[in-house]
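The values are calculated or read from the model by the stated rules, or taken from the named source; none is laboratory data. For clarity, every value in this text was computed on a predicted model and none was experimentally measured. When we count neighbours, we look across all protein chains shown, and the Cβ atoms used for this are built from the backbone with ideal geometry, even at glycine. Keep in mind that these areas ignore ligands, DNA and RNA; they rest on the heavy atoms of the full protein, side chains included. Shrake-Rupley method; radii C 1.70, N 1.55, O 1.52, S 1.80 Å.
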Amino acid sequence: MFGITRRGFAVAAIAATAALAAAAPVSAAGYPDRTVTVIVPFPPGGASDQTARHLTAKMTELLGQQHIIDNRGGANGSLGAGLLKQAKPDGYTLLVGSIGVFAINPALFKDLRYDPLADFDLLTIAVRTPNVLVANPNFPANNVAELIAHMKKNPDKVSFASSGTGSSDHLTAALFMQKTGTLGVHVPYKGGGPAISDLIGGHADVSFQNLGAIAQHVKAGKLKALAVTADKRNAALPDSVPTMAEAGVKEVEVYSWQAAAAPKGLPADVRKTLADTMTKALNSPDVKQKFNDVGFDVVANTPAQFETFLKAEIARWKTVIDTGNIKPE
């Protein structure tokens, strides 16, 4: 008669449980137990890099494992985003990138090798900042109404500096011209820094730049601010600077934002751990203050909220790009 002893049954049960555990996906129980890599799809020093460093420093503290930054710039951020798509969905490879990576590239590039909605597990929109319409101090227009009037009298003469084709500042300018029925000249630069320098030097007329990048120049009198693309006025600017809506131009409320994602297919508990930890990190008083100091507001929304927002953003910028017949460089 064949049978199995109680001890034999217990040993078999333990072995079966171990086999199931080995075959199961990574769970949050032991996550993370090694270094986490965070891809930043731009060179060091920019807004995405700064956001990633503030966020991951706090996540390292909260989770007890090192988070390292891997800067992989190129192709408007699509190189790094493509690497995220190829990574194993185990929570050990993440990405922190801009509105361009998530919402503009899908509308701008017809042959993009990733789809943020299909290929990524969205985690959170970390921070956002409005753009500010700024001009060289010697430019004749001192407010939005005067700028529109000047552009209508001088079509295709006013130069709009931007940090590059398809950037948030470029598309904000395109949206502004579409809403006001004006025509200007887009002058793309390799980054916001050179664009701002030429604006200050009088080699360009106006630009829509991130609040944090121009606030100090406005305060120093090197640039004049005509309007902010936020839903309310900003304390970092003079009290006299209105919102775009207050200045008479509707539907040009624009924020440049930074967000975090992982490869599609994270185990549910790992995804929850990441989303919850990011929310806690971003809302930590010290981290929030660091972002406020450079002109960013913390968002820290949920994955579901991020997905809903992203769908609307992609549709919005696709309309702007198609209407303006904007092509990548």
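For the chain, pairs of C-alpha atoms spaced more than 33 angstrom apart make up 32 percent of the total.
A cut-off of 5 Å between modelled amide H atoms, ignoring neighbours fewer than 5 places along the same chain, links Leu112 with no other residue.
Under 18 Å of direct C-alpha separation, and excluding same-chain neighbours fewer than eight residues apart, Lys224 reaches these aspartates and glutamates: Glu146, Asp169, Asp198, Asp205, Asp239, Glu246.
Using r as the Cβ-Cβ distance of His186 and Asp70, and R0 as 30 Å, what FRET efficiency do you calculate, to the nearest 0.05? FRET efficiency, His186 to Asp70: 0.40. The heavy atoms of Arg271 present about 70 square angstrom of accessible area, all protein chains included, probe 1.4 Å. So in the chain, what percent of DSSP beta bridges are antiparallel if you round to the nearest 5? Bridges in the chain that DSSP calls antiparallel: roughly 60 percent. Taking other residues whose beta carbon is less than 15 angstrom from the beta carbon of Val294, and scoring Lys, Arg as +1 and Asp, Glu as -1, yields +1. Membrane-span-like helices in the chain (whole DSSP H runs, Cα extent of at least 30 Å along the helix axis, mean Kyte-Doolittle hydropathy of at least -0.5): 303-324. In angstrom, the C-alpha Rg and Dmax of the range 20-135 are 15.5, 64. Label sites at Asn292 and Lys110, each approximated as a point 7 angstrom past Cα along Cα to Cβ, lie 4.8 nm apart. Restricting everything to alpha-carbon atoms, can you work out Rg to Rh for the range 210-293 with a Kirkwood hydrodynamic radius? A ratio of 1.12.
Put simply, the amide H of Gly265, placed in the peptide plane, has neighbours under 5 Å in Asp121, leaving out anything fewer than 5 places away on its chain.
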